[in-house]
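Structure record follows, encoded as structure tokens.
The values are calculated or read from the model by the stated rules, or taken from the named source; none is laboratory data. In this text the structure is predicted, and so the values were computed from the model without any measurement. Backbone-built Cβ (ideal geometry, glycine too); neighbour counts: all protein chains shown.
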Amino acid sequence: MRIARLARLLPAVAVALMATGAWAWNDTGHKTIALIAWDDLTPTVRGKITALLQKHPQYATLIQTKGTTDDESHLLDMMTAATWPDLIRTPKPENRQYQHSPWHYTDFPYITGTLPPNKQHPAALSEDWKAGDLPDNILPALKQCEAEIADPKSTDEQKAIALAWILHLTGDIHQPLHATSWFSEEFPDGDKGGNSVFVNTGGTAINLHAYWDGLLGKYVSLDATRTVAAEIKKDHPRSEFAEQLKDTVFKDWALESFEVCKTTVYMNGKIPHGLAAKDVAPPLTKAYQDDALALGRKRIALAGYRLADQLNRLFADK
């Protein structure tokens with residue numbers, strides 16, 4: 001499936017996302033990031049990740065994916081594991097112990113205009129974490145998951161759960177609306193990462209967060225994912241991010257998302273929008289939608305390369 005076709009599918013994808021709810025890059029986005037990362041993993045690290053995912057307590061029910069060869073099955077397992085933290089966001093009792101909704105984002109406040117006098121200036125969530133803390137956002141969550149994998153006292157099951165979260169959260173932190181909440185007179189309590197902003201994609205109303213989650217479209221086949229990942233890597237090779245890939249600080253990754261969110265996602269606070277799906281807002285321009293798709297693909301490429309480097313560091317032979 002070509003990128004141009006994916007762009008034409010956005011309105012249909014928007015309808016699907018409105019119906020099912022959206023929490024992060026959709027499955028397509030997370031699987032594409034995982035595939036880009038897989039291509040850059042060392043054979044040793046691939047083997048360790050494959051073995052560890054099989055220790056996951058929900059491997060047989062939610063992660064295991066059969067391919068045409070063993071190597072393809074191992075790749076599909078990692079791609080599916082990258083979506084696991086969203087798969088468990090259901091009320092099923094067996095999923096509750098693994099759910100951590102606050103882990104998917106951190107909100108740096110984007111403030112435009114003047115807030116009502118009874119509203120305090122919002123503060124960014126803390127990045128601090130130490131052993132025993134319960135993470136309350138994506139930054140300490142990533143630190144905890146890395147620490148659990150590095151800790152020789154962690155069980156294989158604990159490490160497998162932490163690995164699935166890393167696969168997912170490294171993708172999430174590169175989605176601009178997972179690092180930002182817009183505060184204004186219109187949104188005195190914040191827009192919840194774009195979930196309270198409704199935009200018109202050309203006849204379809206969709207909340208801004210769901211629109212950005214679904215930028216790559218919604219397809220499921222491995223061949224389609226490989227095609228799109230190859231196109232993204234061609235347009236955005238690893239060499240493009242030489243300086244950014246030296247930065248391994250999670251807060252810096254989130255601040256990158258925050259900066260592009262202000263300018264590109266929110267159009268410096270001037271994005272045409274409504275406050276409910278029924279509101280009629282001016283359509284997003286073709287230029288906006290083209291810029292959104294271009295930025296989304298770039299962030300997905302960088303997330304994939306960073307994820308590969310992160311995993312190669314975590315699982316390198318000591």
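Among the residues of region 97-136 satisfying the criterion of being charged (D, E, K, R) and in contact (Cβ under 8 Å) with a residue 60 or more places away in the chain, which is nearest to Glu186 (Cα to Cα)? Can you show your working first?
Of region 97-136, the ones charged (D, E, K, R) are 107, 119, 127-128, 130, 133, 136.
Adding the requirement that they be in contact (Cβ under 8 Å) with a residue 60 or more places away in the chain leaves 107, 119, 127.
Values: Asp107: 17, Lys119: 12, Glu127: 28 Å.
Per the criteria, the residue is Lys119.
Looking only at region 262-304, count every residue that is surrounded by 22 or more Cβ atoms within 10 Å (Cβ to Cβ) and touching a Leu at 6+ places or on another chain (Cβ under 6 Å) and tell me the total.
Of the residues in that region, 1 qualify.
Filter region 63-96 for residues that are without any contact (Cβ under 8 Å) to a residue 40 or more places away in the chain, part of a helix (DSSP H, G or I) and either farther than 20 Å from Gly29 by Cα or over 19 Å from the mean Cα position of the chain (by Cα) (or both) and give the result. Steps first, answer last, please.
First, pick out the residues of region 63-96 that are without any contact (Cβ under 8 Å) to a residue 40 or more places away in the chain: 64-66, 68-71, 73-74, 77, 87-88, 90-96.
So of that shortlist, the ones also part of a helix (DSSP H, G or I) come out as 70-71, 73-74, 77, 87, 93-96.
Scanning region 63-96 gives Asp70, Asp71, Ser73, His74, Pro93, Glu94, Asn95, Arg96.
Which one is surrounded by the most Cβ atoms within 10 Å (Cβ to Cβ), of the residues in region 190-231 that are touching a Leu at 6+ places or on another chain (Cβ under 8 Å), farther than 14 Å from Pro282 by Cα and among the polar types (S, T, N, Q)?
That would be Thr225.
Mind counting the residues in region 244-261 that are exposed (fewer than 15 other Cβ atoms within 10 Å of the Cβ) and either of a type in the set (Gly, Ala, Ser) or modelled with pLDDT under 95 (or both)?
Going through region 244-261 one residue at a time, the tally reaches 0.
For region 259-318, give me each residue that is among the hydroxyl-bearing types (Ser, Thr, Tyr) and touching a strand residue (DSSP E or B) at 6+ places or on another chain (Cβ under 7 Å).
Step one: of region 259-318, the residues among the hydroxyl-bearing types (Ser, Thr, Tyr) are 263-264, 266, 285, 288, 305.
Passing the criteria: only Tyr266.
Has region 232-240 got any residue that is of a type outside the set (Asp, Glu), within 19 Å of Gln289 (Cβ to Cβ), at pLDDT 95 or above and buried (at least 19 other Cβ atoms within 10 Å of the Cβ)? Break it down into steps so the answer makes sense when it comes.
The initial filter retains those residues of region 232-240 that are of a type outside the set (Asp, Glu), namely 232-234, 236-239.
Now restrict to residues that are within 19 Å of Gln289 (Cβ to Cβ): 232, 236.
Keeping just the survivors that are at pLDDT 95 or above gives 232, 236.
Restricting the remaining residues to those that are buried (at least 19 other Cβ atoms within 10 Å of the Cβ) gives 232, 236.
Looking for residues that are of a type outside the set (Asp, Glu), within 19 Å of Gln289 (Cβ to Cβ), at pLDDT 95 or above and buried (at least 19 other Cβ atoms within 10 Å of the Cβ), one finds at least one in region 232-240, hence yes.
Can you give me the ranges of the helices (runs of 4 or more DSSP H) entirely in region 213-318 with at least 3 residues that are over 16 Å from the mean Cα position of the chain (by Cα) and basic (Lys, Arg)? Outline the logic, then answer.
Numbers: elements: 222-235, 250-260, 286-314.
Once the helices (runs of 4 or more DSSP H) in region 213-318 are filtered for at least 3 residues that are over 16 Å from the mean Cα position of the chain (by Cα) and basic (Lys, Arg), what remains is 222-235.
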